[in-house]
Amino acid sequence: MTEAEAQQRGGYAEDVSAERLAEIGLRFEVDGEIATITLDRPDRRNAQTFATWSALARIGESLPEQVRVVVVKGEGPSFSAGIDLRMFTPEGVPGQGSFSSAVNVGDAEFEQRIRQAQAGFLWLRRPEIVSVAAVHGHAIGAGFQLALACDLRIVADDVAFCMKEPALGLVPDLTGTKPLVELVGLAKAIDICLTARTVHADEAMRIGLAEKVVAGGDLAQAVRDKVAELLSTNRDAAAATKRLLQGARSRTLEEQSVAEGLEQAARLKALFP
Ligand code: ACO
């Protein structure tokens, strides 16, 4: 992609250059229809900051159109240890403030900052892509929520999910509460969040948090296999089907049947012009 094309795609070159991402602790690679986002600050257990979330949002905005599958993974021993704990200190994260400074910015600006952070997570549900979290080791707080933002979670047998926020006086606000309830049910979500306990691989598999558990050394291959399966179906039919599945919960059976018919009519017109 040329610089000019990149600018047209929302400032790709400027905002998600490899150099800028490296400063933030992220890597972003595109190989044909597959994009891979790597949390890459292993010495801090891939702790996340506002800069991480802004960069994730920019990646989403500038995602090349050919991408069908987005893999999110972590470098080092943990997927992510959640928010950078320096946010709880008076000094905060250099250039990004702290929680104590954030409460003084006024309600509207605070709300805006949270929405900007959430934008880094929301795009991973787009119908045009399937997002796959490859999760190993700790996935705590924002790390757990990033895994929940993805459509599928393939996990290593050492995975340790923990929604730590309530233990720290916070709520999970990075778009994780809805998928958690939808995946495991309200009672189990209350149990997991309000105790801030750790969910290990066997339970994650049993309650529907994980699609598959593999030995740590097999995680990359298991993800490659799933990606290949996902790419084996028709791109437009996959997007239309994801739209239908995502809307199913909020529609009645009658409404869902109508939606299926409309999507199918569009598919048939595309297949037999
Ligand atoms: N923010 C900033 N630095 C971190 C974070 C974090 N969230 N997590 C780990 N680090 C740093 C440690 O301070 C340590 O730094 P040091 O080498 O300078 O001492 C380094 O990463 C390695 O961490 P260890 O604790 O030594 O690694 P270990 O593998 O023993 O433990 C674990 C990993 C369990 C993830 C532990 O680091 C931990 O509990 N981290 C904090 C988790 C947390 O409370 N996150 C906030 C959740 S709430 C939210 O996300 C909104």
* **With DNA, RNA and ligands ignored, accessible area of Asp236 (1.4 Å probe; Å², nearest 10)** => 90
* Asked: How much accessible surface area, in Å² rounded to 10, belongs to the heavy atoms of Val30 with a 1.4 Å probe?
  -> 60
* Structure fact -> Gyration tensor on Cα atoms of the range 95-134, a ≥ b ≥ c root eigenvalues, a/c under 1.5 rounded, else prolate if a/b beats b/c, else oblate, says prolate
* Please work out the Cα center distance from the range 134-155 to the range 168-202, rounded to the nearest Å. => 12
* Structure fact -> Per the helix-only model, the chain has a calculated mean residue ellipticity at 222 nm (DSSP H runs of ≥4, -39500 (n - 2.57) each, divided over all residues, rounded to the nearest 500) of -13500 deg cm²/dmol
* Asked: What relative contact order, as a whole-number percentage, does the chain give when Cα pairs under 8 Å and 6 or more residues apart are counted?
  -> 14
* In whole percent, what relative contact order does the range 103-213 give with Cα contacts below 8 Å and a gap of six or more residues? -> 26
* Distance histogram for the chain (every C-alpha pair counted, 5 angstrom bins, percent rounded to whole numbers) -> 1, 5, 11, 16, 17, 17, 14, 9, 5, 2, 1, 0, 0
* So which lysines pass the test for Lys212, namely a Cα distance under 24 Å, with those fewer than 8 places away in the same chain ruled out? -> Lys73, Lys164, Lys178, Lys188, Lys226, Lys242
* For the range 30-179, just run the numbers: alpha carbon Rg, then divide by 2.2 N^0.38 Å, N being how many residues it has. => 1.02
* Sticking to Cα atoms, compute the Rg of the range 229-273 to one decimal and its Dmax as the biggest Cα-Cα distance, whole number, in Å. => 11.4, 32
* Of all accessible surface on the chain at a 1.4 Å probe, what whole percent is carbon and sulfur? -> 55
* In the full protein assembly as shown, how much of Lys269 is accessible to a 1.4 Å probe, in Å² to the nearest 10? -> 150
* Asked: What helices in the chain pass both tests, a Cα length along the helix axis of 24 Å or more and a mean Kyte hydropathy of 0.0 or higher, using whole DSSP H runs?
  -> none
* To do: Please work out the C-alpha center-to-center distance from the range 47-117 to the range 236-273 and express it in whole Å.
  => 34
* **Rg/Rh (Cα only; Kirkwood hydrodynamic radius) as it applies to the range 79-162** => 1.05
* Between rounded, prolate and oblate, where does the range 57-112 land on the alpha carbon gyration tensor, with a ≥ b ≥ c its root eigenvalues, rounded for a/c under 1.5, else prolate if a/b exceeds b/c? -> oblate
* To do: Compute the Cα gyration tensor for the range 166-273, then decide on rounded, prolate or oblate, letting a ≥ b ≥ c be the square roots of its eigenvalues: rounded whenever a/c is under 1.5, prolate when a/b is larger than b/c in the other cases, and oblate in all that remain.
  => oblate
* Hey, rough spin-label estimate for Ser100 and Ile207, points 7 angstrom out along Cα→Cβ, what's it come to in nanometres? -> 3.5
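The values are calculated or read from the model by the stated rules, or taken from the named source; none is laboratory data. Since the model is a prediction, treat every value here as computed from it, not as a measurement. Backbone-built Cβ (ideal geometry, glycine too); neighbour counts: all protein chains shown. All accessible areas refer to the heavy atoms of the entire protein, side chains included, with ligands and DNA or RNA removed. Shrake-Rupley method; radii C 1.70, N 1.55, O 1.52, S 1.80 Å.
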